[in-house]
Each structure stands twice: as structure tokens, then as C-alpha cells.
Amino acid sequence: MDYIIGIDGGGTKTEAVAYSLNGQELAASKSGYGNLLINYNTAITHIDECITACKTALTGYTCKGISLGLAGSKALSKEEIKRYFYDRYQVEVGLYDDAMIAHEALLHGKDGILTIAGTGAVSIGKKDGVYEYGGGWGHLLGDEGSGYWIGLQALILLTKEHDQSCPYSSLSQTILQHVKADTIHDIKKFVYSSPKSEVA
């Protein structure tokens with residue numbers, strides 16, 4: 001049996017699903033983040049883990065192609081990424097950004113606008129086959145409305161309450177309990193040593 005593998009690599013996790021050529025799901029796997037801008041080599045490793053898990057589950061079948069929908073791919077050389085996966089797996093490789101595959105999956109190829117607010121945030125619109133984007137700049141340049149941004153705003157509010165000698169709000173108290181902070185200064189350790197997904 002022939003099959004293809006679809007990859008969705010975001011800022012928190014990577015998911016892969018292998019489908020038969022008539023659309024039947026055959027195998028699935030998950031790993032860590034697939035956003036190439038967080039750490040290129042680690043993201044590639046996570047993507048490879050997902051592909052390998054699907055291929056191992058389908059030993060004896062033939063993989064005919066891999067479709068990659070990856071966060072951070074617009075900022076990097078698509079040809080280099082495609083070449084890596086082609087050289088490794090010797091199959092046809094398609095590469096798209098993660099917002100585009102979400103748009104296609106949810107709107108089934110029709111025109112429309114989709115806003116994604118996960119660990120990061122982006123809006124993508126399609127009209128007459130042309131895509132336009134708003135946001136998707138990552139946590140340092142924007143991502144307003146994302147889980148990371150909302151979490152960070154709550155943490156900033158906590159630090160302002162402390163600096164201004166205000167009583168901690170119920171939200172701030174919940175945050176301190178959640179991160180098991182013995183003192184307010186443990187918040188710094190949490191923010192600067194945690195992955196984005198934990199802040200989100």
C-alpha cells in the first residue's frame with residue numbers, strides 16, 4: 001500500500017499523520033515543537049521523530065510523499081529544508097507554513113479569513129488563490145492575543161503589583177501557586193528558563 005505523511009509543526013508540538021492515497025488514516029505520531037526558528041536542529045529532530053514513527057508503523061508499505069506545514073518556515077530557505085527531507089527520505093516533499101495548512105484544512109480551499117491564537121498568533125486570509133497575512137511575527141515582535149502573550153501580560157501585571165506594593169490579585173496568587181514560587185523573584189527564574197509553551 002502507498003501512503004503519504006502530513007506534518008504540522010508548531011511552537012509547542014509536532015504532529016504527523018500517515019494517510020493512504022484514498023484518505024484513510026493509517027498511523028499518527030507526536031513529538032516536541034517543530035518551529036524552525038526556536039531551534040532549527042531540535043525542530044528538525046522532532047519532525048524526523050514523527051516521520052520515523054509513522055514509517056516504522058507502516059513497515060512494508062511505501063511512502064510516496066511528505067507534506068510539511070511548519071511554523072517559522074517563511075523566514076528560512078524553503079529549498080534547503082525541502083532538500084534535507086528529500087535527501088533523507090527520497091520522496092517528493094511539499095513545504096508550507098503552518099497557517100496555510102490550517103486555512104486549507106478548516107476552509108477546505110475556499111476564500112476566507114482564519115485567525116489562529118495558540119502559543120503564537122497569526123491571521124491569514126485567502127481570496128482568489130492569493131494569501132495575505134497579519135501577525136505571525138513571533139513572541140519578540142508581536143503575537144498579540146497568543147497564549148504566550150496573554151501569559152506574559154499576566155506575569156508583567158504580577159511584577160507591577162509587587163513593585164507598587166499592591167496586594168496580589170487572585171490571578172497573581174494563582175500564578176505564584178502554579179509555578180510553585182517560594183518568593184516573587186522565582187518568577188524571573190520561571191520566565192527566563194521555561195519554554196514558550198509553559199509560559200503560554
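Rounded to whole Å, give me the distance from the Cα center of the stretch 107-158 to that of the stretch 15-51.
Spelled out, the Cα-based centre of one part sits 22 Å from the other.
Using modelled backbone amide H atoms (1.01 Å from N, in-plane), which distant-in-sequence or interchain residues come within less than 5 Å of Leu70's amide H?
Gly9, Tyr96, Asp97, Asp98
Suppose the chain between Ile113 and Gln153 were pulled fully straight at 0.36 nm per residue; how much longer would it get relative to their current alpha carbon spacing? Show your work: numbers first, answer last.
On the way: separation 40, 0.36 × 40 = 14.40 nm, distance 2.64 nm.
Computed gain between Ile113 and Gln153 is 11.8 nm.
Let me check something: with ligands and nucleic acids excluded, how do Met100, Met1 order by accessible area (1.4 Å probe), largest to smallest?
On the way: Met100 45, Met1 110 Å².
Descending accessible area places them as Met1, Met100.
Over all directions, how big on average is the projection of the convex hull of the alpha-carbon atoms in the stretch 25-120, in square nanometres? Intermediate values should be presented prior to the final figure.
Details: hull surface 27.6 nm².
That works out to 6.9 nm².
Taking θ as phi - 60°, what are the ³J(HN,Hα) couplings along the stretch 177-189 by the Karplus curve (6.51, -1.76, 1.60), each to the nearest whole Hz, with x for Gly and Pro?
5, 5, 8, 6, 7, 6, 9, 4, 6, 5, 4, 4, 4
Using the alpha-carbon atoms, what tilt in degrees (0 to 90, nearest 10) does helix 147-163 show relative to the longest principal axis of the chain?
10 degrees
If R₀ is 30 angstrom, what is the calculated FRET efficiency for the pair Tyr133 and Lys160, using the beta carbon separation as r and rounding to 0.05?
The formula returns an efficiency of 0.40 here.
Which far-off residues, 5 or more places away or on another chain, put their amide H under 5 Å from the one on Leu26, with H placed in the peptide plane?
The answer is Ala18, Tyr19, Ser20.
Applying the Karplus parametrisation 6.51 cos²θ - 1.76 cosθ + 1.60 with θ = phi - 60° to the phi angles of the stretch 29-39, what ³J(HN,Hα) value in whole Hz is obtained for each residue in order, glycine and proline being reported as x?
Couplings: 7, 9, 8, x, 4, x, 6, 5, 7, 5, 7 Hz.
Which of the trypsin sites (Lys or Arg not before Pro) across the stretch 83-152 are loop residues per DSSP, with 10 or fewer other Cβ within 10 Å? Display every interim value, and only then the final one.
Details: sites: Arg83, Arg88, Lys110, Lys126, Lys127; in loops: Lys110.
Here the trypsin sites (Lys or Arg not before Pro) that fit, given the DSSP loop and packing criteria, are Lys110.
Please report, in debye to the nearest 20, how large the charge dipole of the chain is about its Cα centre when each Lys and Arg carries +1 at its beta carbon and each Asp and Glu carries -1 there. Show your work: numbers first, answer last.
On the way: 17 positive and 23 negative charges, 35 e Å.
Charge dipole of the chain: 160 debye, to the nearest 20.
I need to check one value: relative contact order of the stretch 73-200, counting alpha carbon pairs closer than 8 Å and at least 6 residues apart, in percent.
15 percent
Projecting each Cα onto the charge dipole of the chain (Lys/Arg +1, Asp/Glu -1 at the beta carbon, about the Cα centre), which of Ile156, Gln90, Asn22 comes out farthest on the positive side?
Gln90
If you take the charge dipole of the chain about its Cα centre, with +1 on Lys and Arg Cβ and -1 on Asp and Glu Cβ, which of Ser73, Ser31, Val199 is farthest toward its positive end?
Ser31
Cα to Cα, under 15 Å, and not fewer than 8 places away if on the same chain: which aspartates and glutamates meet these conditions relative to Lys126?
Cα-Cα hits under 15 Å: Asp97, Asp98, Glu104, Asp111.
Could you tell me which label, among (i) 18.7; (ii) 17.5; (iii) 19.6, carries the value of Kirkwood radius over Cα pairs in Å calculated for this structure?
Computed from the coordinates, Kirkwood radius over Cα pairs in Å corresponds to (i).
Pop out the ³J(HN,Hα) list for the stretch 190-200 in order, Karplus 6.51 cos²θ - 1.76 cosθ + 1.60 with θ = phi - 60°, rounded to Hz; leave Gly and Pro as x.
My calculation for the stretch 190-200 gives 4, 5, 8, 10, 9, x, 3, 4, 6, 5, 5 Hz in order.
Compute the long axis of helix 98-107 from its Cα atoms, compare it with the longest principal axis of the Cα atoms of the chain, and write down the angle in degrees, 0 to 90, nearest 10.
Between helix and principal axis, roughly 70 degrees.
Leaving ligands and nucleic acids out of the surface, order His103, His108, His46 by accessible area at 1.4 Å, largest first. Write out the running numbers ahead of the final one.
Values: His103 0, His108 145, His46 30 Å².
Reading off the accessible areas and sorting them downward yields His108, His46, His103.
The values are calculated or read from the model by the stated rules, or taken from the named source; none is laboratory data. Quantities reported herein were computed from a predicted structural model and do not represent experimental measurements. Note that each Cβ is placed from the backbone with ideal geometry, even for glycine, and that neighbours are counted across all protein chains shown. Protein only, heavy atoms only, side chains kept; ligands, DNA and RNA dropped before computing areas. Shrake-Rupley method; radii C 1.70, N 1.55, O 1.52, S 1.80 Å.
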